[in-house]
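Okay, structure first, notes after.
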Amino acid sequence: MKKNYFNINVQFNSLLFLCTALLVFFTSSVKSQESDKFIEYKGLVISKGSNNPLPFVNLVVEGTNIATVTNSEGNFSLKIDEALPNAKVTFTYPGYQKLIIIMADLSDENSVISLSPQTYELDEINISRPKNALYLVQQVFDNIDKNYADQDNFMTAFYRETINKRNRSASLAEAVVTIQKKPYASYETDLISIYKARKSTNYDRLDTVAIKLQGGPLNALYADLVKYPKYFITPQSLSNYDFSFGEPLINDGSMVYVVNFKQKSTINEPLYYGKLFIDAQSNALTNAIYNLNVEDRNAAAALFVKKKPNRVKVYPTEISYRIDYRNKDGKWYYSYSNVQLEFVVNWKRKLFNSKYRISSEMLITDWETELMSDGIDRKSKFKQNAVLADEVSGFADPEFWGAYNVIEPEKSIQQAIDKIQKQIKRD
């Protein structure tokens, strides 16, 4: 018997879609990373001594804009043009020494890379310490013009979104997207379009509830809190928070201040708490890890749940964000973002509830500073209320990724892809 599915539509932040985004398609910019012949290197990055995997380690091919990042289990996959046999790749992670490796020296497909904890004494670095943590955060806003990209950048990115019911994958959608990143000091909204995409959805694992994420890659793009502070903390809202210093770190020989923040106890509305990582020399935000306060379930749910059946209560139990920026030639660029939403679905007169987890992440793999297209392809625009999994047909193209650099999938996701591909072959 065919099931009747009830839709629950989710957006990561209702404020994100108050602005109108014009979506564009730059074909040559995306195709600049394609190559007929390339070499793929895979491996695991660990901490020397403890052997613990290091998540979100940045890998950058020197002399290029090509980059990737390790996944939450420390795994990476990096594709380099065959014409670059001596390509050097840098591995950087806050609190660890930078490591440079010639990729051709990695003969094992599953190489293990060890990063050493930074041993510098903080007192050896001669810098002026800020008055207090609040003042330092104010400096981040005051120095945006100086520290962040001041011209359009046409970026290629890998985007993935997943929906899990408990620990089982129910939906997976991936895409290569093109982004026109506007200058950080500009009020113009970034532009984005889908270049290639694929999906797998198993609604049987969702029971009678079809969970859908509206906005697709826009959710990850607008997590850029330097470009879009109105969705996070603005200079005007700093007074709603308490700021304090954590233990500073050393990243690639430079000191990075760690600022802890949380909303004041007198503020009732759901606000954020977490850590800001700020470069000591430039006062630029380099990374941020933060969560939304979901103690008020109803207020938090109103921000994210856009549509649900009347007989269902849906409330978030965790809403977390991560944003990374990358420095090149003294300017900082949006590099990676990860948004996680975990929520509970309660049906009336049912004894047990269901727990779901939605993940949305995007990694910039390359970019150009010159316009590489003659115009706008309006058919390619991704609408703000669109669902990526509804827009693509499936895992039908075995050569889908080509030379594109992607985040090494989690084991559970990889198993799901393998299962789908085997089914396609049987069919």
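The values are calculated or read from the model by the stated rules, or taken from the named source; none is laboratory data. If you're wondering where the values come from, they're calculated on a predicted model, not measured in any experiment. Cβ placement follows ideal geometry from the backbone for every residue including glycine, while neighbour counts extend to all protein chains displayed. With ligands, DNA and RNA removed, areas are computed over all heavy atoms of the protein, side chains included. Shrake-Rupley method; radii C 1.70, N 1.55, O 1.52, S 1.80 Å.
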**Asked** Residues of the stretch 284-335: accessible area per residue at 1.4 Å, in Å²?
**Response** 45
**Message:** Run the simple label-point estimate for F245 and K146 please: 7 Å along Cα→C-beta, distance reported in nm.
**Reply:** 2.0
**Prompt:** Sorted from largest down, what three extents in whole angstroms do the Cα atoms of the stretch 263-326 have along their principal axes?
**Reply:** 54, 30, 14
**Message:** List the residues, sorted by chain then number, that are 5 or more residues from L84 or on another chain and whose placed amide H is less than 5 Å from its amide H.
**Reply:** none
**Asked** So how compact is the stretch 211-342: Cα radius of gyration and Dmax in angstrom?
**Response** 16.4, 56
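Report the gain in length on full extension from R166 to I267: 0.36 nm times residue separation, minus Cα-Cα distance, nm rounded to one decimal. Can you show the working numbers first?
On the way: separation 101, 0.36 × 101 = 36.36 nm, distance 3.24 nm.
This chain segment gains 33.1 nm when fully extended.
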**Complete:** The answer for A386, listing residues at least 5 apart or on another chain whose modeled amide H is closer than 5 Å to its amide H, is G215
**Request:** Please work out how much accessible surface E269 shows to a 1.4 Å probe, ignoring ligands, DNA and RNA, in Å² rounded to 10.
**Result:** 110
**Item:** Solvent-accessible area per residue, Å², over the stretch 128-259 with all protein chains present [probe radius 1.4 Å]
**Value:** 36
**Request:** Work out the length of the dipole vector of the stretch 57-113 about its Cα centre, built from +1 on the beta-carbon of each Lys and Arg and -1 on the beta-carbon of each Asp and Glu, and round it to the nearest 20 debye.
**Result:** 240
**Asked** Which percent of the accessible area of the stretch 246-338 is formed by carbon and sulfur heavy atoms (probe 1.4 angstrom)?
**Response** 44
**Asked** Using modelled backbone amide H atoms (1.01 Å from N, in-plane), which distant-in-sequence or interchain residues come within less than 5 Å of A149's amide H?
**Response** Y184, W332
**Item:** Hz values of 3J(HN,Hα) by residue in the stretch 253-259 - Karplus curve (6.51, -1.76, 1.60), Gly and Pro given as x
**Value:** x, 10, 6, 10, 6, 10, 10
**Message:** So if each residue of separation counts as 0.36 nm, and I subtract the Cα-Cα distance between E391 and E82, what length gain in nm does that give?
**Reply:** 107.9 nm
**Prompt:** Roughly to the nearest percent, how much of the accessible area of the stretch 143-182 is carbon and sulfur, given a 1.4 Å probe?
**Reply:** 36
**Prompt:** Fully extended, how many nm does the chain gain between S237 and N260 (0.36 nm per residue separation, minus their Cα-Cα distance)?
**Reply:** 6.7 nm
